[in-house]
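> Could you have a look at this structure, given as structure tokens, before my questions?
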Amino acid sequence: MAKIFCIANQKGGVGKTTTTVNMAAGLAMVGQRVLMVDLDPQGNATMGSGVDKRQMSLSIYDVLLGGADIAQARVASYWGEDPIRQKIPTYDVLGANRDLAGAEIELVEIEHRENRLRHALAKVDADYDFVLIDCPPSLSLLTLNGLCAAHGVVVPMQCEYFALEGLTDLVNTIKQVHANLNRDLKIIGLLRVMFDPRITLQQQVSDQLKDHFGDKVFNTIIPRNVRLAEAPSYGLPGVVFDPSAKGSQSFIEFAQEMIKRVPGA
Ligand code: ATP
Ligand code: MG
């Protein structure tokens with residue numbers, strides 16, 4: 001059975017997409033079969049996997065609203081023409097683009113609107129070890145579809161003063177979804193990203209997180225690393241763009257921590 005995880009945090013620009021694509025590529029590199037679902041109309045995870053969001057014949061929009069199957073809409077991630085990169089394992093992509101922005105309103109009319117993704121994923125469950133869902137920066141009906149389909153949530157966060165405040169809303173939403181819609185859902189862990197150990201405040205917030213959430217905080221820390229920020233402009237995850245960069249190494253370490261943490265995966 002595939003393990004299905006949402007990468008979620010309603011705060012914008014905290015590193016959700018970077019985490020999703022690097023985790024997907026990192027898991028693929030260590031031999032896992034991975035589907036990456038882009039649930040954000042921005043389509044950043046799609047583009048960051050080497051898939052042109054403007055050229056897709058079918059996208060997650062068609063899966064949520066048009067009755068298309070994921071088996072028809074998925075494409076493989078693409079690492080370009082470089083023969084060395086072509087040897088790097090790929091993952092499957094269910095892409096998103098601006099069409100998805102309208103889905104929110106259209107979904108309101110539909111019965112079981114929060115379970116559309118869950119039902120679609122059930123049909124391809126046997127094809128994957130991991131399904132990773134990149135959520136938009138909101139607690140919207142799209143994010144709710146992700147939370148209803150998932151076994152767990154990975155929360156990337158920057159160790160900044162306001163980070164803890166936003167976490168309360170997310171934790172409450174996850175609790176509500178758990179109580180009312182999806183008994184399987186739990187927080188898998190909090191991932192500290194864009195970390196700069198030279199900044200005392202970041203160190204302090206990191207310690208606070210540990211005190212408060214204990215072993216729900218992943219051991220791996222993702223440092224701030226310019227190679228991770230450069231990679232999307234090449235349509236690549238950092239771990240594919242520059243596997244030796246510090247940030248990439250951390251994401252590969254994180255993929256391994258994830259496999260250890262998730263029994264049966
Ligand atoms: P949104 O809420 O808009 O979907 P997001 O939470 O998905 O944003 P990202 O797009 O992953 O966030 O990251 C925001 C920006 O920070 C991007 O420009 C990304 O390249 C950069 N970034 C992410 N992680 C790192 C890192 N570890 N080091 C340096 N830059 C990073
Ligand atoms: Mg994003």
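> Val93: net charge of surrounding residues, Cβ under 9 Å, Lys/Arg +1, Asp/Glu -1, itself excluded? Spell out each step's value before the answer.
On the way: positive: Arg74; negative: Asp38, Asp92.
Net of charged neighbours comes to -1.
> Which of the aspartates and glutamates could a cross-linker bridge to Lys260, judged by Cα under 14 Å and excluding same-chain residues fewer than eight apart?
Asp129, Asp215
> Under a 10 Å cutoff between Cα atoms, tell me which one of Met36, Met23, Met56 has the largest fluctuation in the Gaussian network model of the chain.
Met56
> So, one more: Gaussian network model of the chain, Cα springs within a sub-10 Å range: biggest mean-square fluctuation belongs to which of Asp38, Asp207, Asp242?
Residue with maximal mean-square fluctuation among Asp38, Asp207, Asp242: Asp207.
> With Cβ to Cβ distances under 12 Å as the rule, what net charge do the other residues near Gly152 carry (K, R +1; D, E -1)?
Neighbour charge sum, excluding Gly152 itself: +3.
> Work out, step by step, the length gained on full extension between His178 and Gln208: first 0.36 nm times the residue separation, then minus their alpha carbon distance; give nm to one decimal.
8.3 nm
> Heavy atoms only, probe 1.4 Å: what % of the accessible area of the chain goes to carbon and sulfur, would you let me know?
Result for the chain: 51 percent of the exposed heavy-atom area is carbon or sulfur.
> Using the structure shown, select from Lys123/Lys186; Lys11/Lys175; Lys53/Lys210; Lys11/Lys246 the pairs with a Cα to Cα distance greater than 29 angstrom.
The answer is Lys53/Lys210.
> Let me know the Kirkwood hydrodynamic radius for the stretch 3-261, please, with Cα pairs as the basis and the value in Å to one decimal.
18.2
> Could you order peptides 112-119, 185-192 by the average number of other Cβ atoms within 10 Å of their residues, highest first?
On the way: 112-119: 18.0, 185-192: 21.1.
Highest to lowest by the protection proxy: 185-192, 112-119.
> Enter the Cα centre distance for the pair the stretch 135-182 and the stretch 221-242, rounded to the nearest angstrom.
The two parts, judged by their Cα centres, are 25 Å apart.
> When ranked by the protection proxy of mean other Cβ atoms within 10 Å per residue, highest first, what sequence do the peptides 74-86, 133-145 form?
133-145, 74-86
The values are calculated or read from the model by the stated rules, or taken from the named source; none is laboratory data. Computed from a prediction, not measured in an experiment: that's the story for all the values here. Note that each Cβ is placed from the backbone with ideal geometry, even for glycine, and that neighbours are counted across all protein chains shown. Areas reflect the complete protein model, heavy atoms only, side chains present, ligands, DNA and RNA absent. Shrake-Rupley method; radii C 1.70, N 1.55, O 1.52, S 1.80 Å.
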